[in-house]
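Have a look at the structure below before the remarks.
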Amino acid sequence: MGNKVMRTDRDLLIKGIRFLSYTVILMFTAPFAVYQAFKNQEHPLYIPVLVLGCILALAAIVMGFVSIKTIIDAFFGKKKKK
């Protein structure tokens with residue numbers, strides 16, 4: 001019986017941390033864009049800025065799930081065959 005040593009895939013972990021940093025940036029920019037849109041409702045660019053803020057918020061949620069899954073795969077996922 002061989003001992004199977006689980007090791008962390010460092011490249012995948014770095015990729016997950018990079019995705020997590022993008023998520024944090026999106027988590028701050030999305031509410032800022034939505035706030036600016038609601039603050040300037042009489043401005044002609046109200047709707048485009050609001051739509052942009054909603055897209056950024058959705059992207060933050062999706063990137064959050066992707067980054068967490070990538071980090072978990074780095075710790076517990078299957079290893080690549082070389």
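The values are calculated or read from the model by the stated rules, or taken from the named source; none is laboratory data. Since this is a predicted model, take the numbers as computed values, not measurements. SASA here: full protein model, heavy atoms, side chains in, ligands and nucleic acids out. Shrake-Rupley method; radii C 1.70, N 1.55, O 1.52, S 1.80 Å.
General observations
- Our coupling estimate for the stretch 67-77, obtained by passing each phi through the Karplus curve with A = 6.51, B = -1.76, C = 1.60 and θ = phi - 60°, is 5, 5, 5, 5, 5, 5, 5, 5, 7, 10, x Hz, Gly and Pro reported as x.
- Using θ = phi - 60° in the Karplus curve 6.51 cos²θ - 1.76 cosθ + 1.60, the 3J(HN,Hα) couplings for the stretch 12-26 round to 5, 5, 5, 4, x, 5, 5, 4, 5, 5, 5, 4, 5, 4, 5 Hz; x is entered for Gly and Pro.
- Gained length - residue 22 relative to residue 61, 0.36 nm times residue gap less alpha-carbon distance: 12.9 nm
- Probe 1.4 Å, accessible area per residue of the chain, Å²: 84
- Under conditions of 4 °C and 1.567 mPa s, the chain yields 88 µm² s⁻¹ as its translational diffusion coefficient, taking Rh as the Kirkwood radius over Cα pairs in the Stokes-Einstein equation.
- Across the alpha-carbon atoms of the stretch 10-56, the computed radius of gyration and Dmax are 14.6, 50 angstrom.
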